[in-house]
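Report on one structure; see the data block that follows.
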Amino acid sequence: MEAAIEQLDQLEQFEQSRGYAGAVGEADPLTQTEPDTNTGTTVLERPAEEEQAQRSDNGDADRFAHYVSRERIEESRLTGRPVVALCGKVWVPKRNPADYPICPECKRIYAEYGGAQF
């Protein structure tokens, strides 16, 4: 117990030598958690901004059926992860591709590869 009292005394002497006013246990002005009312600063609230998804294809890619490997389509149906078409469109397949015309970009890329399996 005496050792603890001696340590407190040493701490008090150290604080006084460094210019800290007050005894141990009093609030240190440099570490106060309450804001200083004399600074004149306030918190500014930002107005809520609605972010709209930016599309580079203007929705045109949604009107076509795209080329993706069957394995990827099956995996996407099981996991819900998106797939990437030959033209670069990324989406989660949910519609019947037979109801849409084939994407011209996918068709061109597929023809360049000579109908190779992807």
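One table, with the values for the structure above:
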| quantity | calculated |
| --- | --- |
| 5 angstrom amide H check on Val83, placed H, neighbours 5+ away | Trp91, Val92 |
| Long-range amide H partners of Ala65 with built H, under 5 Å | Ile102, Cys103 |
| Convex hull of Cα atoms in the stretch 60-112, direction-averaged projection (nm²) | 3.4 nm² |
| Within the stretch 60-112: Cβ-based charge dipole about Cα centre, in debye rounded to nearest 20 (Lys, Arg +1; Asp, Glu -1) | 100 debye |
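Values in this text are rule-based calculations from the coordinates and carry no lab data. Everything quoted here is computed from the prediction, not taken from an experiment. Cβ coordinates were reconstructed from backbone atoms using ideal geometry, including for glycine residues, and neighbour counts include every protein chain displayed.
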